[in-house]
1. Rounded, prolate or oblate: which fits region 196-262, taking a ≥ b ≥ c as square roots of the Cα gyration tensor eigenvalues, rounded meaning a/c under 1.5, else prolate when a/b beats b/c?
2. Out of residues 5 or more away from L33 or on other chains, whose amide H comes under 5 Å of its own, with H placed 1.01 Å from N in the peptide plane?
3. Can you tell me how region 48-201 classifies by the Cα gyration tensor, rounded, prolate or oblate, using a/c under 1.5 as the rounded cut?
4. Of D141, D235, how do they rank once you tally other Cβ atoms within 10 Å and put the fewest first?
Amino acid sequence: MGQPDEVRGSIDVMAPVQATLSPERWLNSEMELRVLCWEPSAGQGAKGRELGETPATGQGVFIPARASWYVEPLYSGVTDASLQWLGAEAQRLAIPGLSLRGRGQVSNTGLFQLALAVPGFGWLDLSGTAASPRGLSLFRDPSLLQTLIFQGLEAERGELAHLAQQWALAYLDLSGLHAPRQTRWDQLRGNLWEGPALQELLPLTSLRSLRLREVLLGQGDLLALAGMGTLRHLDLSGAGNLTDQGVAHLVSLHHLESLDLSGAVLGEEAVARLRALPALRELVLGVPSP
């Protein structure tokens, strides 16, 4: 097997898992929704290709066959109360994915409103909301959720254990994960930074892709990552505390196909050991992208 490509600079090496695939269809609603398609090969990050908006004229927005699609409300002032109506519409139209990105007024109470109407979603973006991983347990069917984007999550130790209950998760983006300010201060003052306790994610045995961009890792976090043997794609770009000794734990990830360590300062021996991973096709080093 040839050596993996070594890329200088950050690129999007991870593709999200597709949500429920379906025949082509038309979608229309009296609610103001943006319909998007996430094409895994497009490398578009957390945003998909826009298909259209509702309400629409004629039959509505056309959704191609086998598309991985989701909707997001056009109204930025979405609240917990308004999610009751969105949940009813999601149930009526069999909507497989939902983005609530940036809707800061949405909390676990809003997730409860959604859970009253639908058993769950296959694709969910809760970045920038006031919801927490605990709220995901409100949905009745954890086998549905395959893709979760929860960037900027503030989580106490023990909080990630609620994510582990979503056992079907295959793609997880926790970029910007951090502890509450007081917790960070108490730990750093005692020179004992514990990190985000990634060992709480070990029960996710279906996980294939994990993004942890700009996360300050603790001493045990890389060891925990080494125990996630199902990983194919791992993004640690801009992560803090990446050392030769720490990344040495990653050599046990024999199924890893892409690894982003942009921003880390590593020695030649450490890089050589990573490049020797049997399935690795892409190793990203250098300066992380904004």
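Just so it is clear, none of the values below were taken in a lab; they were calculated from the coordinates. All values reported here derive from a predicted model rather than from experimental measurement. All Cβ positions, even for glycine, are placed from backbone atoms using ideal geometry, and neighbour counts span all protein chains on display.
1. Working: a/c = 1.40, a/b = 1.24, b/c = 1.13.
It comes out rounded by the Cα gyration axes.
2. Long-range HN contacts for L33: T54, L74.
3. Values: a/c = 2.17, a/b = 1.99, b/c = 1.09.
Prolate is the answer for region 48-201, as a/c is 1.5 or above and a/b outweighs b/c.
4. On the way: D141 12, D235 25.
Lowest count first: D141, D235.
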